[in-house]
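Trainee: Pasting in a structure now, in structure tokens, and then I'll have a few things to ask.
Rule-based calculations on the coordinates, nothing more; no lab input. Computed from a predicted model, the values in this text were never measured in an experiment. Counting neighbours? That spans all protein chains shown, and the Cβs are built from the backbone with ideal geometry, glycine included.
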Amino acid sequence: MENKKLISVTVLLFCFGIGVAKAQYWYWPEGAGPYFRAGLGPSFYQTGTLRGYSGASPFVSGAQNQPVSYDTGFSANAALGYAFNRYFGIDFGSGYMWTRINNIPNYTVNGSTIGQVPLLANATLSLPIPHTNIIPYLGGGAGGAISILDAHGFQAQTTPANTIFVDGEESDTVFACQAFAGVRFMLTPTFSLGAGYQYFATGNPTFSYPGPGPNLDIGFKGVRTHTVLFTLQAAFW
């Protein structure tokens, strides 16, 4: 009988010890958990370069390395991620960036546009200011982007009018990266609004338009953008 009582007490103590060990092992750091963030704002594009315009026939070729000016565009993005604590998190984000081509010397652009669909893995460092609801942050990311040219009668001015021009959308997948910084204001323990700056850059896309002969290839230097973002972030813990 005494042995049975001893065994029962031992089992209870063992189970209690496991429970304590698990509670200590699974300690949840403050601020840890999944989160969602989103941003929207105007994008300002650096002057780009049209690297080349050739194909369709041996006689179709436009001026190379021409400067490309862009109108002010816009950017919208969203991401899902995981914060390991109050200071560091990682996420995967996407969105859409768009602008209209303003001018390319020696080309007729007719309001053609360029868009980007970024696909980026990001890391963010947050630096909460003690005893306030203010959280400065900075971070960066890398991955790829789907570049999209929506051409509206795009053609080289060296080509006779209404003969060789391109219409419609073509895309190319290129490398992309970004850096960002800003400040968030906590409205509740899990929800914030903020504002920030984002620099975004891509590799060089080439858009190939099918023709009666070889494709007509339009090559651009990758975009470089500066975006003012108005943001929100919601944590789920």
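Trainee: Take the alpha carbon atoms of region 134-212, find their center, do the same for region 67-96, and report the distance between the two centers in whole angstrom.
Mentor: About 11 Å separates the Cα centre of region 134-212 from the one of region 67-96.
Trainee: Once phi is turned into θ = phi - 60°, what whole-Hz ³J(HN,Hα) does the Karplus curve with 6.51, -1.76 and 1.60 give for every residue of region 85-98, x standing for Gly and Pro?
Mentor: Along region 85-98, the couplings run 6, 5, 10, 9, x, 10, 7, 10, x, 8, x, 8, 10, 8 Hz.
Trainee: A follow-up question, please. Suppose every K and R has +1 on its Cβ and every D and E has -1 on its Cβ; what is the size of the dipole of region 32-235 about the Cα centre, in Debye to the nearest 20?
Mentor: The dipole of region 32-235 has a size of about 620 debye.
Trainee: Moving to a separate point now. Around S112, what is the net charge, scoring Lys/Arg as +1 and Asp/Glu as -1 over all other residues with Cβ under 12 Å from its Cβ?
Mentor: Taking every Cβ under 12 Å from that of S112, the sum is -4.
Trainee: Taking every Cα atom in region 102-199, find the radius of gyration and the maximum pairwise distance Dmax, and write them in Å.
Mentor: Final numbers for Rg and Dmax: 21.0, 68 Å.
Trainee: Restricted to Cα positions, what overall size does region 32-235 have along the principal axes? Three whole-Å values, descending.
Mentor: Sorted largest first, the three principal extents are 68, 24, 22 Å.
Trainee: Next question. Considering only the other residues whose Cβ falls under 12 Å of the Cβ of L80, what net charge follows from Lys and Arg at +1 and Asp and Glu at -1?
Mentor: 0
Trainee: Let me ask something else about it. Near I218, within a Cβ-to-Cβ distance under 14 Å, what is the net charge of the other residues, with Lys and Arg +1 and Asp and Glu -1?
Mentor: Neighbourhood net charge equals -4.
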